[in-house]
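Chemist: Structure provided below as structure tokens; questions to follow.
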Amino acid sequence: MAVNLQINVDWSPSGPEEPSDHELIARVRKGEAAAFERLMRRYNQRLFRAARSVLRDDSEAEDVVQETFVRAYRHLADFKERSSLATWLTQIAVHEALARVRRSRRFGSLDGDDHERGISQVESSGAGPEQETSARELRSVLVSAIDALPEDLRIVFVLREVDGLSTIETSEILQISTEAVRVRLHRARAALRSRVERAVGEELRALFEFAGARCDRTVAQVFHKLGLSRA
């Protein structure tokens, strides 16, 4: 679709409310770059999560998001709005990500760093360093557990639980039945629960320890209050 984009940030026809996807699509088709940017910012988080659920690599997922929007723009004339724009975009992203996985399996593994590098920085809302460290560690455990899920379960879990898509939307994107979505989500939850429990099990058993100096101090104070002498 050849369009001469013109920067135009006048949203007055829609008033103070956010313009709908339908309105923005119409504006993009008229050549408004600002409308396309608005659509990108509206859906880039969803597409990134969907792509990363397949690729487990932030850099590759970001590339997929970019490629998705390039393809969507070029083929916007083919979008008949029979499904939602979100579903259409996510389908493109997932299919592109899966294609990259297939290529990587033929020519070698994805050249990505440890997946933990993709963990987002925890936003501070007044929490101290210890709370922020704990939050990062918990997120690391969750990311590792999700990344360890089988691909078919991982994609469904991220679309349903992280992106918040409905069962029907997920089935449309992955082109599987709604029952398959439910089964895979159930299995993903069970597997994730097991992995997280194993990962945090040792840490849980180490919580609220009362050994060492704390124990010695308590014994000494109790003996003092009771007038007892230690042998």
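Chemist: Restricting the first residue to the stretch 25-42 and requiring it to be without any contact (Cβ under 8 Å) to a residue 60 or more places away in the chain and on the phi > 0 side of the Ramachandran plot, which pairs with a second residue that is of a type in the set (A, V, I, L, M, F, W, C) and surrounded by fewer than 21 Cβ atoms within 10 Å (Cβ to Cβ) meet a Cβ separation below 7 Å and a spacing of at least six or different chains?
Modeler: Short answer, once both residue conditions are applied: GLY31/VAL3; GLY31/LEU5.
Chemist: How many residues does the stretch 12-66 hold that are out of contact with any strand residue (DSSP E or B) (no Cβ under 6 Å at 6 or more places or on another chain), farther than 30 Å from VAL143 by Cα and not in a helix (DSSP H, G or I)? I'd like the intermediate steps shown before the answer.
Modeler: In the first step, residues of the stretch 12-66 are kept if they are out of contact with any strand residue (DSSP E or B) (no Cβ under 6 Å at 6 or more places or on another chain); the result is 12-30, 32-66.
In the following step, the residues that additionally are farther than 30 Å from VAL143 by Cα were identified as 12-30, 32-36.
With the extra rule that they be not in a helix (DSSP H, G or I), the set shrinks to 15-20, 30, 32.
Summing the residues that are out of contact with any strand residue (DSSP E or B) (no Cβ under 6 Å at 6 or more places or on another chain), farther than 30 Å from VAL143 by Cα and not in a helix (DSSP H, G or I) in the stretch 12-66 gives 8.
Chemist: Among the residues of the stretch 193-208, is any at pLDDT 80 or above, β-branched (Val, Ile, Thr), surrounded by 12 or more Cβ atoms within 10 Å (Cβ to Cβ) and part of a helix (DSSP H, G or I)? Before the answer, list the steps.
Modeler: Keep residues of the stretch 193-208 that are at pLDDT 80 or above, which gives 193-198.
Keeping just the survivors that are β-branched (Val, Ile, Thr) gives 196.
Applying the additional criterion that residues be surrounded by 12 or more Cβ atoms within 10 Å (Cβ to Cβ) yields 196.
Checking the rest, the ones that are also part of a helix (DSSP H, G or I) come to 196.
Checking the stretch 193-208: at least one residue is at pLDDT 80 or above, β-branched (Val, Ile, Thr), surrounded by 12 or more Cβ atoms within 10 Å (Cβ to Cβ) and part of a helix (DSSP H, G or I).
Chemist: Can you find, within the stretch 158-183, the residue that is surrounded by the fewest Cβ atoms within 10 Å (Cβ to Cβ) among those that are part of a helix (DSSP H, G or I) and among the acidic types (Asp, Glu)? Even if it seems obvious, please write down each step before you answer.
Modeler: Our first condition is that a residue be part of a helix (DSSP H, G or I); within the stretch 158-183, this holds for 158-162, 167-174, 178-183.
When the remaining residues are screened for being among the acidic types (Asp, Glu), the result is 161, 169, 172, 179.
On the way: GLU161: 14, GLU169: 19, GLU172: 19, GLU179: 10.
Residue satisfying both the conditions and the ranking: GLU179.
Chemist: Same structure again: Would you check which residues across the stretch 50-66 are crowded, with 18+ Cβ neighbours inside 10 Å and either without any contact (Cβ under 8 Å) to a residue 12 or more places away in the chain or not hydrophobic (A, V, I, L, M, F, W, C) (or both) and list them? Before the answer, list the steps.
Modeler: Within the stretch 50-66, the first condition is being crowded, with 18+ Cβ neighbours inside 10 Å, and the residues that meet it are 50-58, 60-61, 64-65.
Across the stretch 50-66, the qualifying residues are ARG52, SER53, ARG56, ASP57, ASP58, GLU60.
The values are calculated or read from the model by the stated rules, or taken from the named source; none is laboratory data. What you see is a predicted model, and the numbers here were worked out from it, not measured in a lab. Neighbour counts are summed over all protein chains in view; Cβ atoms, including those assigned to glycine, are modelled from backbone coordinates with ideal geometry.
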